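A short worksheet on the structure shown next.
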């Protein structure tokens, strides 16, 4: 546990690479080495040392370092990596991140032996991008200047590509992350170790997992069941079909296991399983901002009819229910707005502005028949202005136990509303169906919490 | 048919509204009237006349117009609308678009009587946004300055909100449209009329439908079966659950019908059914740019492992197959790139650039075991540069009968590649699963064409 912490919170880091070596097909190259150095110098708040094994940058000899680094990031071909891991471990380095892949079984066994001999922890090999910690600026990725916003969503990805896709997504849409770990081949540090660490991490409120395979199923389930009492875990599993499982095996040396086995394991572990990267990020956003949903009943409050109907379809398709509004709520809506039919999904009509939304949302959130609310506030074809959206977090603050998500549907409409309330505790989605998926994830977590407290 | 054409291709248009009237709950307002005038003056290449029924803008008397307008756009409360439709019809106007809603059954009947008496065609009432034709600049929407790019995708939406959402999406993501029709309550002009018109429209290559209900099922099926031989039709149906069907009824006076009935009708009609707005636009984009897919076998060519695995999962989940590459293809890939495992999904490794993609894509597209190709070219975690993407349309041009879609996954990666090849015939998607959905739509159209030519 101590050294897993060193993977994310080292005071001192040594970057081990070469300014001359280039693999014919593979990641090792002077460019990658340069870029990691660039990112670490730009973002990392601790000390960064550099060791260029056959070139001119930094030191060539560990003895010349002013102090012993806690963490070493190794960007060399497999055989060279082994050599320098052993040297650094003997010198006192506690944790390693191995960027490049191409390790054979024997080399993997050698890595494990070093871990035992020197009592160190190793992330990888084949992590491709290593680790990001937005709190201390640790950033071992080779994507120049890439740094997500600080936030409370942690990501563990077995695949460099999927992790990079999530990272690119988060940066582009301004979703805040706490930690990112690319785990690669998992010879030592695995999902269980990382979930244990992130479970204690105060910066992290939600944990996202992309995995292709899993070795120690039992300890994984035990650990996640402990952690999900405090924070939700969402998983995307790659390699669910026979064909792609074959690829997963050669990709990250994973035994994929049958999809049913994983489904059962995720269920037992209290993990929310999702179907693709977008659903993963959308669910994470909702869970990082909103409380779990403690019943099935969704109210839809919209200024357009058609998208509200699509949302209602999605509610039922996702196993949730359309809330039946109480008599009191219906009467009060009818009294205030005679043109509005007080039936869920509520169509507030295209001329609804902030005041109508505020009043109706307040009534609906207070209704005991309602467990969660989906708001749709389009600008196009409506009189709603982006500034009007400010009433949504305002009303929501009076009802902290019921989740609420907002859908300014489309493209530009989403962007305009995002500029006004994107930083608020209200998660935003660009289509009704995605907002409903987010509520489904919040409901799923509510059910998991209920089951854990009963069991 | 003649007058349906006048809804989209009039030489002269009369805008009938009021610069003083404002409905308490509803669309009629001086602001809406002003905005439609603004858009028509800004975009429409024909003549626009204005009739302000109780104010000072334009004429108050039809006799004062220099010529008889072909089309009148009426933006008045229901009773006033009836009055002016009759006046204009008697004066010789051939086609009407009714923007506002709130018509009761008796008023609808009166509209139908006028249609018969004067032999005119009526779109609406309750069309909210009316019509857009990007070729002649006709734009009766009240969203100031909103105009999609000229393109070959036509949209027919029963809902103002869903139509506006599609429109906003298309504008934001630069997807080109030919015609947009908001059909509202469909007392006269319905989906069948519009599909007939768009089937003949040379600007239109794909037709998108959002519908909540349908009256004349048989003629609809007959007409679509005729049209889909020339161009694909994609439909999104709202109100598929009992609860939302109730809302659809009050929303656009639709009898929704059971979901199974629609499924059967769409199948018989040769329509590609989709589940949400995004899938609708993604399928339309693919069908507007790529040929139908004439077999089930997909090859995946990627520079990252994990996203390729997710794509492979999606291929199988969507009822397609992972192509088994021919011996010849495998041998040639192995010979050219010894580090690459020549198995589908193909992982070209993170350092693949234009040259490696070009060579492998050419081999794969020429392989008789491959019916369509999904390319994944991420920038993050890879050495691929946006400019490298230019080889994709280049290679594709040599294999015009096989569809190809591209996935620069994530957020910024997508944008950067879009800037380079977004205008090319290669459709782009930001996630592997969406690219696979696009191929599924192309395969679906291939099957429809086969069935129609057999039957």
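Every read-out reported here was derived from the displayed coordinates using simple, explicitly stated rules and does not represent laboratory data. These figures come from a predicted structure and were not determined experimentally. Counting neighbours? That spans all protein chains shown, and the Cβs are built from the backbone with ideal geometry, glycine included.
Grab the residue from chain B whose Cβ hugs the B-to-A rotation axis most tightly, plus its distance in whole angstrom.
Spelled out, residue of B and its Cβ distance from the axis onto A: B:278, 5.
Using 18 Å as the cut-off for backbone N distance, which residues of the stretch B:216-235 belong to the label zone defined by a point 7 Å from the Cα of residue B:261 along Cα→Cβ?
In the stretch B:216-235, the label zone of residue B:261 (backbone N under 18 Å from the point 7 Å along Cα→Cβ) covers B:216-222.
Would you mind ranking B:383, B:357 by Cβ crowding within 10 Å, fewest neighbours first?
On the way: B:383 17, B:357 22.
In order of increasing Cβ crowding within 10 Å: B:383, B:357.
Tell me the label-point distance for the pair residue A:56, residue B:390, using the 7 Å Cα-to-Cβ offset, in nm and rounded to one decimal.
3.4 nm
Just want the ordering: B:268, A:402, from fewest to most Cβ atoms lying within 10 Å of their own Cβ. Walk me through the numbers before you get to the answer.
Details: B:268 15, A:402 21.
By the 10 Å Cβ count, ascending: B:268, A:402.
Taking Cα atoms, how many degrees apart are the long axis of helix A:30-43 and the longest axis of chain A, rounded to 10 and kept between 0 and 90?
Tilt of helix A:30-43: around 60 degrees.
Tell me the distances, shortest first, between residue A:54 and the same position across the other copies, using label points 7 Å along Cα→Cβ, in nm to one decimal.
Computed spacing set for this position: 9.0 nm.
If you fit an axis through the alpha-carbon atoms of helix A:242-252 and take the longest principal axis of the Cα set of chain A, what angle between them do you get, 0 to 90°, nearest 10?
That helix lies at roughly 50 degrees to the long axis.
What number, in percent, do you get for the relative contact order of chain B if the mean sequence gap of Cα pairs under 8 Å and at least 6 apart is divided by its residue count? Please list the in-between numbers first.
Values: 993 pairs, mean separation 49.6, N = 455.
Once normalised by length, the contact order is 11 percent.
Taking the alpha carbon gyration tensor of the stretch B:291-454, what are the square roots of 5 times its eigenvalues, largest first, to the nearest whole Å?
Working: eigenvalues 103, 67, 42 Å².
Equivalent ellipsoid of the stretch B:291-454: 23, 18, 14 Å, largest first.
Taking residue B:390 in one copy and the same position in all the others, each labelled 7 Å out along Cα→Cβ, what are the pairwise distances from the first, in nm, shortest first?
For residue B:390, the other copies' label points sit at 4.8 nm, shortest first.
Taking the Cα-to-Cβ direction at residue A:419 and at residue B:172 and moving 7 Å from each Cα, how far apart do the two end points lie in nm?
Using points 7 Å along Cα→Cβ, the separation is 1.3 nm.
Can you sort B:28, A:53 by how many other beta carbons sit within 10 Å, fewest first?
Working: B:28 24, A:53 20.
The most exposed by this proxy come first: A:53, B:28.
Say R0 is 30 Å: what FRET efficiency, to the nearest 0.05, do residue A:219 and residue A:113 get from their beta-carbon distance? Before the final figure, lay out each step's value.
Details: r = 22 Å, r/R0 = 0.72.
Between residue A:219 and residue A:113 the formula returns 0.90.
Expressed as an acute angle from 0 to 90° and rounded to the nearest 10, what is the orientation of the C-alpha long axis of helix A:277-289 relative to the principal long axis of chain A?
70 degrees
Residue A:317 to residue A:64: FRET efficiency via 1/(1 + (r/R0)^6), r the Cβ-Cβ distance, R0 45 Å, to the nearest 0.05? Mind dumping the intermediate values first?
Values: r = 64 Å, r/R0 = 1.42.
In this case the efficiency is close to 0.10.
What is the distance, in nm, between label points placed 7 Å from the Cα along the Cα-to-Cβ direction at residue A:45 and at residue A:343?
Taking the two extended label points, one gets 5.6 nm.
Calculate how large, on average over all directions, the projected area of the Cα convex hull of the protein assembly as shown is; give the answer in nm² to one decimal.
Averaging across all directions leaves 37.3 nm² for the Cα convex hull.
Rg to Rh for chain B: what is it, with Cα atoms only and Rh by Kirkwood?
Values: Rg = 24.7 Å, Rh = 23.5 Å.
Taking Rg over the Kirkwood Rh, I get 1.05.
Per residue and in cubic angstrom, what volume does the convex hull of the Cα atoms of the stretch A:1-128 have?
Numbers: hull volume 12.2 nm³, N = 128.
Measuring per residue, one finds 95 Å³ for the Cα hull of the stretch A:1-128.
Ratio of the stretch B:148-289's C-alpha Rg to 2.2 N^0.38 Å, to two decimals? It would help to have the intermediate numbers written out before the result.
On the way: Rg = 13.9 Å, N = 142, 2.2 N^0.38 = 14.5 Å.
That works out to 0.96 for the stretch B:148-289.
At residue B:368, with labels set 7 Å past Cα in the Cβ direction, how many nm apart are the copies from this one, shortest first?
Computed spacing set for this position: 7.3 nm.
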